[in-house]
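Asks: First, the structure itself, so that you have it in front of you.
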Amino acid sequence: MPLTRDQAQQRADDIQAFNRELQRLQTERALQLADDQRQHLEAHHRALLDELRGSFDVDHNRQTKRLSLSMRISSLLGALALAASLLFFFYQFWGLLGETAQVSVLVGFTFASLLIVHLVNRRDQSGYFTKLAAMLAFACFVLNITMLGQIFNVQPSDKALLPWAIFALLLAYGCEARLLLVAGLLCLLAYVAARIGTWGGGYWLSVGERPENFLPLALVLIVLPQFISQARFSGFAATYRLVGLIALFLPVLALANWGTGSYLPWDNGIIEGSYQLLGFITAALVIWIGSRREWPEMVNTGLTFFIIFLFTKLFDWWWEIMPKYLFFLIIGLIAVLFLLVLGRLRRRDGGLAR
Amino acid sequence: MKALSSSRCLAGAAVLALLVNAVVLGNTLYNRSGDADSQLRLSQRELSNRWSYFDNQENSGLSLKLQWTRLNEDATRYSDTPFSAEQLRAAGIDTDTPVTQPKRLPERDTLVVLELDGPAHQATLQDLQRRREKAAAKLAATPDDARLKSALEEAERMLRNSRDLYSRLYAVDIGLDRDALRQRYPDRRQYAIVHGVLSSWITNEKREWHLSRITPGEVSVPYQWRDALSGRVKNDDAPYEVEITFGQRLEPWISDAFLP
């Protein structure tokens, strides 16, 4: 029996693919199974799929797969809409309440939403309703702390980001919600970057003035799944890497074009050049590691930022001095070159596999 | 196993929510306990919502914004007046390092001394009075000059507005040592120490720091005064006064309102 939902879904997909290919082989008369073999195989697959559906709620055919995707999108939109509704609902009526009532409503909403998550989780086999309820609980908690700050005129502080991060991560692991994992990691990134900024004497809201503040935790997030296994949580390892990579590449991209935002005491031109070089090297390294480890999120993110770095560099060099048609022609030809190189790598990998 | 893990996580989230709310409310109670750090009686000139362009129909709450300014070298009102090197050093900012390249520096947190209707405001009024007298004297010498007439009207308008309309709250000093600031400005009914944020820019190869905002810059109006004040904040002819108390953590709250 597979350990995780990902493994269970992979097995279900493999069974479907196997059945489709078997059908084709029989039609082409390349393979003929005896009746008892076919019946035995079908019975085995039926029992296995029933077990996988019962334990992991996997999608057992293309139709259910499409429906699952639609449910995920609906769950996300529903969570965002309900969170926005909650925010505007509170703004609409909070002025009609005294401070004690306001505090009671805010705290009550947070605990009520956690209770709803617990009750929904006990009955929800698919997990979609649980994730929606969990998102709403996170929105309630953020609203809780933010509004308490407004009601009592509390000095704004980055310290609120840490409990938000922990709350989101607890719900993410409790409900296997990747979106909440992203929310928690973003809050954590903001908190650590703001703290590093304040240690340097800056105001916490100026976190964006020094993009390098994001780099330490970005690196930690990229390698964390190697040290703390996320195998039991579907897609969490990829999410850590993806968030970490974006938190790494965006500051490097910013500093590659805006050297004044760096801590380094060098000339701005040298800083920008250094970060441009670092961006290219890091993107290439990320692509290489991602293809070796078969981590598609690394390959795709590395490739995306490699292209962004390349095109911003080409823009710097040629936009002013070249006719526009020629500039875009060269961009197009570079894209075609990428296609040829990637196609060749793909064919080579296919040859190696044989 | 999955259900147990989920329950533990939810229980952890509940405990966290309880702790955080306890900390926030505990800090608020502490802020409002003991003797106030300062108490200012501000009018609609210093505490208003008048300049809010977005009248949000869907927000039933009401917050009033602190309106403050700074005194410039020539005694005019200018909120971006930079601070002196001595003041900046007291705020922990290095003023000795020369500006070798236009490096953007992050904003800095500091304590700010706000003065209500004190020497800074009087200096502004005296300067405006002098300008008005000067404009009147020039017009008296050449009574038919339309430009001089217009200049006198403008001088009178500025004096009138500064005397009757504009805020009397001036940010006069900064620093990191709260006790030292309070020793220098002991009158707690005229001087409030608050948190503020300094921003810098480079002018003529020199780095200048100015006060970009007070934090928190707005004060929530308690329920008992909300209806009365919300009717007055947009009305120039409906004056009001509000007593703002700054507590142990220098966080403000409205402790009283006076509505003639």
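Asks: Could you grab the relative contact order for segment B:163-224? Cα pairs under 8 Å, six or more apart, rounded to a whole percent.
Replies: 21 percent
Asks: Calculate for the protein assembly as shown the 222 nm mean residue ellipticity that helices alone would give, adding -39,500 (n - 2.57) per DSSP H run of length 4 or more and normalising by residue count, nearest 500 deg cm²/dmol. All intermediate terms of the calculation are to be shown ahead of the outcome.
Replies: Numbers: 18 runs with 372 residues, N = 614.
Calculated mean residue ellipticity at 222 nm is -21000 deg cm²/dmol.
Asks: Sticking with this one: When the distances between all Cα atoms of segment A:287-333 are binned every 10 Å from zero, what whole-number percent does each bin get?
Replies: Whole-percent P(r) values from 0 Å outward: 27, 36, 23, 14, 1.
Asks: In peptide A:111-121, how many Cβ atoms from other protein chains are near each Cβ within 10 Å, on average?
Replies: Counting Cβ atoms of other protein chains within 10 Å of each residue's Cβ and averaging gives 3.
Asks: Another question about this same structure. Using a 7 Å offset from Cα along Cα-Cβ at B:Asp177, what residues in segment B:66-90 end up with backbone N under 18 Å from the label point?
Replies: Within reach of a label on B:Asp177: B:84-90.
Asks: Counting only residues 5 or more places away or on other chains, whose amide H sits under 5 Å from the amide H of B:Ser38 once H atoms are built in the peptide plane?
Replies: Answer set, sorted by chain and number: B:Phe246.
Asks: Using the Cα centre of the protein assembly as shown as the reference point, and only Cβ charges (+1 on K/R, -1 on D/E), how large is the resulting charge dipole? Debye, rounded to the nearest 20. Walk me through the intermediate numbers first.
Replies: Numbers: 66 positive and 62 negative charges, 337 e Å.
Dipole of the protein assembly as shown, to the nearest 20 debye: 1620 debye.
Asks: Let me ask something else. Specify the residue with the greatest mean-square fluctuation among A:Pro211, A:Pro225, A:Pro323, computed from a Gaussian network of chain A linking alpha-carbon atoms under 10 Å apart.
Replies: Judging by the Gaussian network model, the answer is A:Pro323.
Asks: Enter the Cα centre distance for the pair segment B:99-171 and segment A:1-44, rounded to the nearest angstrom.
Replies: 86 Å
Asks: Between the chain alone and the structure with every protein chain in place, find the residues of segment A:239-264 that drop at least 20 Å² of accessible area; heavy atoms, 1.4 Å probe.
Replies: A:Thr260
Asks: With an 8 Å cut-off on Cα pairs and a minimum separation of 6 or more residues, tell me the relative contact order of chain A in percent.
Replies: In percent, rounded to a whole number, it is 10.
Asks: Between A:Asp14, A:Asp36, A:Asp267, find the one with the highest GNM mean-square fluctuation for chain A; connect C-alpha pairs within less than 10 Å.
Replies: A:Asp36
Asks: While we're on this one: Averaged per residue, what accessible area in Å² does the protein assembly as shown show with a 1.4 Å probe, protein chains only?
Replies: I get 54 Å² per residue for this part.
Asks: Return the single residue from B:Arg147, B:Arg70, B:Arg41 with maximal mean-square fluctuation; model: Gaussian network over chain B, springs between Cα atoms under 10 Å.
Replies: For chain B, modelled as a Gaussian network with Cα springs under 10 Å, the answer is B:Arg147.
Asks: Provide a list, ordered by number, of residues in segment B:214-260 showing at least 50 Å² less accessible area with every protein chain present than when their chain is taken on its own, using a 1.4 Å probe.
Replies: B:Ser220, B:Tyr223, B:Glu251
Asks: Pull out the extension gain between B:Asn235 and B:Asp80, defined as 0.36 nm times the separation in residues minus the alpha carbon to alpha carbon distance; nm, one decimal.
Replies: 53.0 nm
Asks: Further, regarding this structure: At 0.36 nm per residue, and after removing the present C-alpha to C-alpha distance, how many nm does the segment from A:Leu340 to A:Tyr325 gain when stretched out fully?
Replies: Computed gain between A:Leu340 and A:Tyr325 is 3.1 nm.
Asks: Right, something else. Got the relative contact order for segment B:141-255 handy, in percent, Cα pairs under 8 Å and 6 or more residues apart?
Replies: Across segment B:141-255, relative contact order equals 15 percent.
Asks: Still on this structure, please answer the following. Please identify the DSSP H helices in chain B that span no less than 18 Å along the helix axis (Cα) and have a mean Kyte-Doolittle hydropathy of 1.0 or more.
Replies: Going by DSSP H runs, the hits are B:2-31.
Asks: So, with a 1.4 angstrom probe, what is the percent of accessible area on segment A:250-354 that is carbon and sulfur?
Replies: 70 percent
Asks: Taking a cut-off of 13 Å between Cα atoms, list the aspartates and glutamates near A:Lys65, but don't count ones fewer than 8 places away on the same chain.
Replies: Here the aspartates and glutamates satisfying the reach criterion relative to A:Lys65 are A:Asp13, A:Asp57.
Asks: Could you give the size of the charge dipole of segment A:118-212 about its Cα centre, using +1 on the Cβ of each K and R and -1 on the Cβ of each D and E, expressed in debye and rounded to the nearest 20?
Replies: Dipole about the Cα centre, nearest 20: 220 debye.
Asks: I'm a student and want to see the number: the projected area of the Cα convex hull of chain A, averaged over all directions, in nm².
Replies: 25.4 nm²
Asks: Describe numerically, in nm with one decimal, the distance between label points set 7 Å from Cα along Cα→Cβ at B:Arg89 and at A:Thr312.
Replies: For B:Arg89 paired with A:Thr312, the spin-label model returns 4.0 nm.
Asks: Along Cα→Cβ, 7 Å out, is where each label goes; now give me the distance between the ones at A:Leu215 and A:Leu80 in nm to one decimal.
Replies: 3.3 nm
Asks: Sticking with this one: Please name which of A:Ile334, A:Phe306, A:Gly259 has its Cα lying farthest along the dipole of the protein assembly as shown towards the positive end, using unit charges on Cβ (Lys, Arg +1; Asp, Glu -1) and the Cα centre as origin.
Replies: Comparing the listed Cα positions along the dipole, A:Ile334 ranks first.
Asks: Moving to a separate point now. Just reorder A:Glu272, A:Glu51, A:Glu294, B:Glu251 by solvent-accessible area, largest first, 1.4 Å probe, all chains present. Walk me through the numbers before you get to the answer.
Replies: Numbers: A:Glu272 50, A:Glu51 95, A:Glu294 150, B:Glu251 5 Å².
Sorted by accessible area, descending: A:Glu294, A:Glu51, A:Glu272, B:Glu251.
Asks: Ignoring any ligand, DNA or RNA, what whole percent of the accessible area of chain B comes from carbon and sulfur when the probe is 1.4 angstrom?
Replies: 51 percent
Asks: Along the charge dipole of chain A, pointing to its positive end and built from +1/-1 on Cβ of Lys, Arg, Asp and Glu, which listed residue (A:Ala137, A:Met147, A:Ala34) has its Cα farthest out?
Replies: Most positive-ward Cα: A:Ala34.
Asks: Could I ask something else about it? Place a label point 7 angstrom from the Cα of A:Ala231 along the Cα-to-Cβ direction, then list the residues of segment A:1-34 whose backbone nitrogen is under 11 Å away.
Replies: From segment A:1-34, the list is A:3-4.
Asks: Let me ask another. What spacing in nm lies between the two simple spin-label points modelled at B:Gln129 and A:His44, each 7 Å away from Cα in the Cβ direction?
Replies: My value for the distance between the label points is 10.3 nm.
Asks: Report the A-B buried area as the accessible area lost on both sides summed, probe 1.4 Å, in Å² to the nearest 100. Before the final figure, lay out each step's value.
Replies: Values: alone 21380 and 15950 Å², together 33200 Å².
Chain pair A/B: roughly 4100 Å² of buried accessible area.
The values are calculated or read from the model by the stated rules, or taken from the named source; none is laboratory data. In this text, all values refer to a predicted model and were calculated from it rather than measured experimentally. So basically every Cβ, Gly included, is an ideal-geometry build from the backbone, and we count neighbours across all protein chains shown. Accessible surface areas use protein heavy atoms only, side chains included; no ligands, DNA or RNA. Shrake-Rupley method; radii C 1.70, N 1.55, O 1.52, S 1.80 Å.
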